[in-house]
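Report on one structure; see the data block that follows.
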Amino acid sequence: MSVFAHPDFDQHEQVVYCHDQASGLKAIIAIHNTRLGPALGGCRMFPYATENDALRDVLRLSRGMTLKSSLAGLPLGGGKAVIIGDPHTGKSPALLQAMGDFVESLGGRYITAADLGTGDAEMQAFAQRTKHVVGASPRATLDGSITSGDPSPSTALGVFVGLQEAVRQRLGRNDLAGLKVALQGVGHVGMGLARRLKAAGAELWVCDIFDANVQRAMDELDVHVVRPQDIYGLDVDVFAPCAMGGILNEQTLEVLRAPVIAGAANNQLATPEIGEMLRQRNQLWAPDYAINAGGIIDVYYQSSGGSAAQIDSHVRGISDTLREIFSRASASDEPTSVIADRLALERIEASGQPEALRLHA
Ligand code: NAD
């Protein structure tokens, strides 16, 4: 399978295939661009059906990280890692250590963090073998309590304030009381978002393919549970995708009516054209890499010794970024996806770097 000819190859600097026969590790690390700084991005673990699915994911996700860090105003480049395997049954200490060794071998060009299918325990295992990992150490929160290095609470906060901004823009309302939200995936971020939405008075419909997470949401919050295939067709105000990418596609758009789409999942648009289709249908889409930047902001401050207050303030600034995207999109009648890409590139160019980064948007 060719990497250079792959449709999702976008001038990536480095793509590393990682294999450890003893532990069974199969993984890919993609460094998209280091112009603004080291490539920081999560390590995902997922049972990809094919190697090409894993390659596609890591190429797209790493490019998204370049754009995300730029939009979030961070001195970081874009990278990502994927481990091919089941996150519930496929982890072993040896496999995680082998992955840590591969991260270390890149000498800091790639810095890893938690993502879908990985969390605190995996970051701590990586940290035994590499210093290029963030989210592995406990740190203080705003109220002074000590929490883990898991950045997903900050991602959930960013999605929450971004969702509020999208609701303000599209539905003209400031409060979320009685707002109907369909939430796809109640994992680390989805559950954090669900808690915040419930506290703000929203009514939630949730789904997940992992029964224990559905049960947790039912036990802790008063939510309606629907089957995963039914989440798109609900008559709700907001669809909040917090599981996998590619879920905004021609099939789901046939039934998806929510006027606001705002969630944490990376790479939500199956193809760039979907952004224009959403615009034509007057469905306001909060670009994923703008709204879900809370995690990268959090890990950046963790790695640079920032305070909880700095993280909180920077993450809440996501609503300002989205307001700018929404207002530019409305003024120029362009999809929010196009505006977000343009804004990210503008910020890279404005950084004073010698050559402008070229990305096919
Ligand atoms: P997670 O693994 O903790 O949770 C994802 C949940 O989605 C799981 O409960 C899983 O069972 C469920 N799921 C998977 N496929 C599903 C499907 N088809 N239908 C319904 N549920 C499904 O992961 P997370 O950390 O909460 O991340 C969620 C999304 O947000 C991912 O796309 C991730 O890349 C993105 N994201 C996460 C962070 C972060 O800080 N964790 C930051 C930015 C973006």
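Among the listed pairs LYS91/LYS131; LYS80/LYS131; LYS26/LYS80; LYS68/LYS91, give every one whose C-alpha distance is greater than 26 Å. Mind showing how you got there, number by number?
Values: LYS91/LYS131 21 Å; LYS80/LYS131 16 Å; LYS26/LYS80 14 Å; LYS68/LYS91 29 Å.
Beyond 26 Å: LYS68/LYS91.
Which length gain, in nm to one decimal place, applies between GLU334 and GLU51 when the Cα-Cα distance is subtracted from 0.36 nm times their residue separation?
Values: separation 283, 0.36 × 283 = 101.88 nm, distance 3.50 nm.
Contour length minus Cα-Cα distance gives 98.4 nm.
Among LEU256, PRO287, ALA329, pick out the residue whose Cα is farthest towards the positive end of the charge dipole of segment 227-332, where Lys and Arg carry +1 and Asp and Glu carry -1 on C-beta, about the Cα centre.
The listed residue farthest towards the positive side: ALA329.
Can you give the calculated 222 nm mean residue ellipticity of the chain, where each DSSP H run of n ≥ 4 adds -39,500 (n - 2.57) and the sum is split over every residue, rounded to the nearest 500 deg cm²/dmol?
Details: 13 runs with 152 residues, N = 361.
Dividing the helical sum by the residues of the chain leaves -13000 deg cm²/dmol.
About the Cα centre, and with charges only on the beta carbon of Lys, Arg (+1) and Asp, Glu (-1), how big is the dipole of the chain? Nearest 20 debye, please.
Details: 31 positive and 41 negative charges, 100 e Å.
Charge dipole of the chain: 480 debye, to the nearest 20.
How much net charge surrounds GLU334 when only the other residues with a Cβ under 11 Å from the Cβ of GLU334 are counted, with Lys and Arg +1 and Asp and Glu -1?
Charge balance in the 11 Å sphere: 0.
Please check which bits of segment 199-230 a label hung off GLU254 would reach, taking the label as a point 7 Å along Cα-to-C-beta and the cut-off as backbone N under 18 Å.
228-230
Which residue fluctuates the most in the chain, going by a Gaussian network model with Cα springs under 10 Å, if the choices are ASP115, ASP211, ASP341?
Of ASP115, ASP211, ASP341, the Gaussian network model singles out ASP211 as fluctuating most.
Shape call for the chain from the C-alpha gyration tensor, a ≥ b ≥ c root eigenvalues: rounded (a/c under 1.5), prolate (a/b greater than b/c) or oblate? Each step should come with its number before you reach the end.
Values: a/c = 1.40, a/b = 1.23, b/c = 1.13.
Since a/c stays below 1.5, the shape of the chain is classed as rounded.
What are the chymotrypsin sites (Phe, Trp or Tyr not before Pro) within segment 206-256 that DSSP puts in a loop, where the Cβ has at most 14 other Cβ atoms within 10 Å?
On the way: sites: PHE210, TYR232, PHE239; in loops: PHE210, TYR232.
Answer in residue order: PHE210.
Given the whole protein assembly as supplied and a 1.4 Å probe, what does the accessible area of HIS132 come to in Å², nearest 10?
30
Pull up all non-local amide H partners of VAL225: gap of 5 or more, or a different chain, and H-to-H distance under 5 Å with H placed in the peptide plane.
Here the answer is VAL206, since their amide H atoms fall under 5 Å of that of VAL225.
For segment 117-227, which whole-number percentage of the solvent-accessible area (1.4 Å probe, protein heavy atoms only) is attributable to carbon and sulfur atoms? Walk me through the numbers on the way to the answer.
Numbers: 2430 of 4930 Å².
Answer for segment 117-227: carbon and sulfur cover 49 percent of the accessible area.
Percent relative contact order of the chain, based on C-alpha pairs within less than 8 angstrom and at least six residues apart?
Values: 767 pairs, mean separation 55.9, N = 361.
Across the chain, relative contact order equals 15 percent.
Which of ALA30, ALA22, ALA127 moves most in a GNM of the chain, Cα contacts under 10 Å?
Highest fluctuation among the options: ALA22.
How charged is the neighbourhood of GLY245? Take every other residue with its Cβ under 15 Å from the Cβ of GLY245, and add Lys/Arg as +1 and Asp/Glu as -1.
Working: positive: ARG44, ARG56, ARG60, ARG63, LYS68, LYS80; negative: ASP8, ASP53, ASP57, ASP115, ASP288.
After counting each charged neighbour, the total is +1.
Top to bottom by accessible area (1.4 Å), largest first, where do ARG227, ARG347 land?
On the way: ARG227 140, ARG347 80 Å².
These residues rank, largest area first, as ARG227, ARG347.
If I model a spin label as a point 7 Å beyond the Cα along the Cα-Cβ vector, how far apart are those points for ALA212 and ARG316 in nm?
3.5
Round to the nearest 0.05 the FRET efficiency obtained for ARG281 and ALA350 when R0 = 35 Å and r is the Cβ-Cβ distance.
Numbers: r = 33 Å, r/R0 = 0.94.
E(calc), rounded to 0.05, equals 0.60.
How far apart, in nm, are two points set 7 Å out from the Cα along the Cα-to-Cβ line at HIS6 and at HIS19?
It is 1.6 nm.
Per residue, how much accessible area does the chain have with a 1.4 Å probe, in Å²?
Working: 14890 Å² over 361 residues.
In whole numbers, the chain has 41 Å² accessible per residue.
The values are calculated or read from the model by the stated rules, or taken from the named source; none is laboratory data. Keep in mind that what you see is a predicted model, and the values were worked out from it rather than measured. With ideal geometry, Cβ positions are generated from the backbone for all residues, glycine too; neighbour counts draw on all protein chains shown. Quick note on the areas: whole protein, heavy atoms, side chains included, nothing else; ligands and nucleic acids left out. Shrake-Rupley method; radii C 1.70, N 1.55, O 1.52, S 1.80 Å.
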